[in-house]
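First comes the structure, then the notes that go with it.
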Amino acid sequence: MGWGVRLTELLLFGLAGWTALGMVGVGVSWLRGERPRVRRGIAWLAGVWVVYLAVLLGVSLGQKQRVLAVGQPQCFDEMCFTVTGVEEVKGFLVRDGRRLVRVTVRVTNRGGSAGRDGLIRVYLTDAQGRLWQESAGVNGVGLSTRVAGGDSVMSEPVFKIAGDSTGLRLVLTHGWKQPGALVIGDSDSMLHRKTVVELGR
């Protein structure tokens, strides 16, 4: 992540800490029977969060979608994912006319010790807006595999897609069930357009 993203993470952590202290203060006031102070405290907390979420959604809707080419890395903290190739698996035939596509991704750990990204998820989209999840039980090394510090491994997620799919794009995401959903400007934040990798197919 870049420096700007780290600053927005610090902003979220600071807001969370301030909220926790504010809730403690509201609790103390409530125990003392100071109802006006309780109401003011809750109003301040709610107001600040409303402003923060408004800014978050405004940035998410206003920022352009980030589009990467094959060979460009996408990093989440110390773990980076770089699409190095894509190929159609020949000879694969199913009755509904789907195709089998294999994407090669280099997983690199920039840290000094072994680590993994347990939240990483991947899917494909096409020009029609259709979405395909990674096919389970077909792949070898997963994207969330543990990688030694300073080392890389190759992962090959496989997708069963419609036979008429064009304009394929790969999306790497942590989903919405994680703190990044509330980080201003993060590609996984609420309503933000996901970063995509153009596969050229």
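Taking all protein chains into account, the per residue accessible area for segment 122-171 stands at 47 Å² (1.4 Å probe). Here the contact order of the chain, divided by its residue count and restricted to Cα pairs under 8 Å and six or more residues apart, works out to 24 percent.
With a cut-off of 14 Å between beta carbons, the residues surrounding V141 carry a summed charge of 0, where Lys and Arg count +1 and Asp and Glu -1. Evaluating 6.51 cos²θ - 1.76 cosθ + 1.60 at θ = phi - 60° for every residue in segment 60-65, the Karplus couplings come out as 4, 6, x, 6, 6, 5 Hz, glycine and proline recorded as x. With the cut-off at under 19 Å, measuring from each backbone N in segment 169-188 to a point 7 Å along the Cα-to-Cβ line of L61 picks out 181-188. For volume of the Cα convex hull per residue in Å³, the value calculated from this model appears in (1) 112; (2) 159; (3) 123 under label (2). Starting from the 7 Å offset along Cα-to-Cβ, what nm value, one decimal, do you get for the label separation of A127 and R110? About 3.4 nm separates the two model spin labels. Taking 0.36 nm per residue of sequence separation and removing the Cα-Cα distance, the V141/W44 pair yields an extension gain of 30.0 nm.
Taking amide H positions as modeled 1.01 Å from N, with prolines and chain starts lacking one, the residues under 5 Å from L68 and 5 or more places away or on another chain are V196, V197, E198. For the chain, the fraction of 1.4 Å probe accessible surface lying on carbon and sulfur atoms is 60 percent.
3J(HN,Hα) couplings calculated from phi for segment 24-33 with the Karplus curve 6.51 cos²θ - 1.76 cosθ + 1.60 (θ = phi - 60°) are, in sequence order, 5, x, 5, x, 5, 4, 5, 5, 7, x Hz; Gly and Pro show x.
For the peptides 194-201, 37-44, 60-67, residues were scored by their other Cβ atoms within 10 Å and the scores averaged per peptide; the highest-first order is 194-201, 37-44, 60-67.
Neighbours of G27 by Cβ distance under 12 Å: Lys/Arg scored +1, Asp/Glu scored -1, total +1.
The values are calculated or read from the model by the stated rules, or taken from the named source; none is laboratory data. Just so you know, these numbers come straight off a predicted model, no measurement behind them. With ideal geometry, Cβ positions are generated from the backbone for all residues, glycine too; neighbour counts draw on all protein chains shown. Just the protein is used for accessible areas: all its heavy atoms, side chains included, with ligands, DNA and RNA removed. Shrake-Rupley method; radii C 1.70, N 1.55, O 1.52, S 1.80 Å.
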